[in-house]
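Below is one structure; the comments refer to it alone.
The values are calculated or read from the model by the stated rules, or taken from the named source; none is laboratory data. No experiment lies behind these values; they were computed from the predicted model shown. Reconstructed Cβ throughout: ideal geometry from the backbone, glycine too, with neighbour counts over all protein chains shown.
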Amino acid sequence: MTQQLELKKEENNKLIKYKNIKLTNKINESQEKTSKKAFSLLELLVVILILGILAATVVPNLVGAGDKAKVDLMCPNMKTISRIIDNFKMDNGMYPETEEGFNALIKNPDSDKYTQYSSAGYMKKIPKDSWGKEMTYIKVGNGFDIISYGADKKEGGSEEYADIKFSSCE
C-alpha cells in the first residue's frame, strides 16, 4: 500500500508540475499580448533627424509655390475674359471705353452707342485676380489690355509683386 501511495503521490506531483507549467505559459502569453513595445531614445532621435532633413529640403520649394501658381493662373483667366470682351466687340463694333471698363460687360452703359448689346449682358460681375482684387481694363487704340496688380495689389512692383498684363501673356 505504501508503494501505491508513493505512486499516487508521484503522480500528483507530476500533475501539479504539469498544471504549473501550463499556468506559467498562459501567464507569459497574456503578458506578451498586453506588454507594449517601445522605441528607444536613439531610434526616436534618428527619426526626428530624418524628418528634419526632409523638411529642410522640401519646405523651401513649397513656400513660394502658392504665389507662383497664382501668377501662372492669371494668363489663362485673362484669356477667358478677353474672349468675353471680343464677343462684346463683335456685337457692338468696338471695345468698351476705359472709363466704362468691365462695368460695360455687366450692363449696357449707353444704349445709343451700343445698340446690339446682348440682353443678358456679357458677365455677371467684375472679374477678380488670384489675390481677390478686381482687375483693371484699359482700352488701348483698337485693342485693350487687362491688368492685375499682382500679390502686392499695387501698381508697379517687381518679381512676384510685378503687375500681370494680358498683353504680356500672349
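If you take the residues of segment 71-95 that are among the basic types (Lys, Arg) and either over 17 Å from Thr136 (Cβ atoms) or surrounded by fewer than 12 Cβ atoms within 10 Å (Cβ to Cβ) (or both), which of them is nearest to the chain's Cα centre (by Cα)?
First, pick out the residues of segment 71-95 that are among the basic types (Lys, Arg): 79, 83, 89.
The next check asks that each one be either over 17 Å from Thr136 (Cβ atoms) or surrounded by fewer than 12 Cβ atoms within 10 Å (Cβ to Cβ) (or both); those that pass are 83, 89.
Details: Arg83: 28, Lys89: 37 Å.
The selected residue is Arg83.
Is it the case, given these coordinates, that Ala120 is free of Cβ contacts under 8 Å to residues at least 24 places away in the same chain and assigned to a loop (DSSP other than H, G, I, E, B)? Lay out the reasoning, then the answer.
Numbers: free of Cβ contacts under 8 Å to residues at least 24 places away in the same chain: yes; assigned to a loop (DSSP other than H, G, I, E, B): yes.
Yes.
For Gly150, all conditions in the list (1) at negative phi; (2) touching a residue at least 40 places away in the same chain (Cβ under 8 Å) hold save one; what is the number of the exception?
(1)
Just the residues that are modelled with pLDDT under 90 and farther than 17 Å from Gly101 by Cβ, please, taken from segment 133-163.
Passing the criteria: Gly150, Ala151, Asp152, Lys153, Lys154, Gly156, Gly157, Ser158, Glu159, Glu160, Tyr161, Ala162.
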